[in-house]
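Colleague: Let me begin by handing over the structure; questions about it come next.
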Amino acid sequence: MKRTLGICTILFLGLAAMQTIASAEESPGLDGIWYAFVTPVDCQTGLVIPNAPTFRGLYMFGHDGSLTNEAAFPVPNPRRSSGLGAWRHTQAQMFSGTFRFFRYNADGSFLTLRKVTTTIVLNGDQFVSMDMFQDFDADNHPISAAGSSGCNTVTATRQ
């Protein structure tokens, strides 16, 4: 009886360990909180835009595909809300995501809705991404004015 119980216990623990390993292997690996450095770049060349300020960001990738973003700007910018969106695993160590946030005038009134589309390459506890953004008016129509669209590169570290 003791021997049978011991064998059953070993089998149970072995199966539990295999399920844990399988779950870890199936996980896309982006889940969690990331601290990012964001640099404005030219969308065509990928070169850093001279005198454009870099800023910091926080990303939270939920296991359910949800994406939350916050940003901290070193210079006065329009105020903004939290960014909310979704992400997905595309292939190997690559992911894509989209999030949106509101931008506000100094008096707190609506300025634009900004949509950010990101392509992420994961390397362990770091990722790099290319983000493209587009501003929309209150009726969700794209805005074509200067500065209403552009690109950023992001380098981030898991927290």
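The values are calculated or read from the model by the stated rules, or taken from the named source; none is laboratory data. Computed from a prediction, not measured in an experiment: that's the story for all the values here. Just the protein is used for accessible areas: all its heavy atoms, side chains included, with ligands, DNA and RNA removed. Shrake-Rupley method; radii C 1.70, N 1.55, O 1.52, S 1.80 Å.
Colleague: At a 1.4 Å probe, what is the % contribution of carbon and sulfur to the accessible area of the range 26-82? Before the final figure, lay out each step's value.
Modeller: Numbers: 2040 of 3390 Å².
Answer for the range 26-82 is 60 percent, counting heavy atoms of protein chains only.
Colleague: Roughly to the nearest percent, how much of the accessible area of the range 97-159 is carbon and sulfur, given a 1.4 Å probe? Intermediate results must be reported in sequence, preceding the final value.
Modeller: Details: 1800 of 3370 Å².
The C+S portion of the solvent-accessible surface of the range 97-159 is 53 percent.
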